[in-house]
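The values are calculated or read from the model by the stated rules, or taken from the named source; none is laboratory data. Keep in mind that this is a model prediction, so the values were computed, not measured. Every residue, glycine among them, receives a Cβ derived from its backbone with ideal geometry; neighbour counts consider all protein chains shown. Ligands, DNA and RNA are excluded from the accessible area calculation, which covers all protein heavy atoms including side chains. Shrake-Rupley method; radii C 1.70, N 1.55, O 1.52, S 1.80 Å.
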Amino acid sequence: MANNGADVKHNQGADVTNASATTNTAENTVGTATPKQNGLAVLGKYMGVSATQTIVEYATFAILHLIGMPSQIANGIAVVYSATYNFVMNRNVTFKSSSNFTRSVALFVLLWCWFAVAFVIMVVIAFAIIGMQRAMSSTTGQNTHGNHHDNILSQRGYHRAD
């Protein structure tokens, strides 16, 4: 194999090649255009953004609750607001992404929609399981509240004063 000298270090012999002359750009980039960042620095930024996200969520909830908004609605707004804050801060501060902003937002919204669908499916499954358990316990004559002690007391003539 002939060596044309293009990959030879100048201060070494002709038999030694320069392995550092060619670099893999995929190893030196995060996202699309930023140089690779120190992992601990990124972790620190991520933790800082997460901590401030928690403050943003609690502050938003507290303010909305103080002005008279029902807790469930205030909580929902606070979660959406803090998630949006987290997305923007992690995109621009932690990872310094230079990708298409519109595409990033669309993917973020799709991810939230997927989480919402998965949550609804899990709730439906949970209620179906609870319903099946209640139906099975009522057909077998078991107490649906699962308090065997109350059944024994009522069989002996004692009644609970609720």
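A few points about this structure:
- When K96, K45 are screened for being touching a strand residue (DSSP E or B) at 6+ places or on another chain (Cβ under 7 Å) and either of a type outside the set (A, V, I, L, M) or modelled with pLDDT of 90 or more (or both), only K96 passes.
- Flag not set for M122, criterion: over 30 Å from V80 (Cβ atoms) and modelled with pLDDT of 65 or more.
- Only residues that are within 14 Å of the chain's Cα centre (by Cα) and aromatic (F, W, Y) were counted across region 87-128, and they come to 6.
- Of all residues in region 91-107, those satisfying the criterion of being part of a helix (DSSP H, G or I) and either in contact with a His (Cβ under 8 Å, 6 or more places away or on another chain) or open to solvent by less than 70 Å² (accessible area, probe 1.4 Å) (or both) are R91, V93, T94, S104, V105, A106.
- Remark: pairs (first residue in region 66-90, free of Cβ contacts under 8 Å to residues at least 40 places away in the same chain and open to solvent by less than 50 Å² (accessible area, probe 1.4 Å); second residue of a type in the set (S, T, N, Q) and not in a loop (DSSP other than H, G, I, E, B); Cβ separation under 6 Å; 6+ apart in sequence or on different chains) = A78/T60; S82/Q53; N86/Q53.
- Yes/no for A135 being part of a helix (DSSP H, G or I), modelled with pLDDT of 90 or more, small (G, A, S) and over 26 Å from V56 (Cα atoms): no
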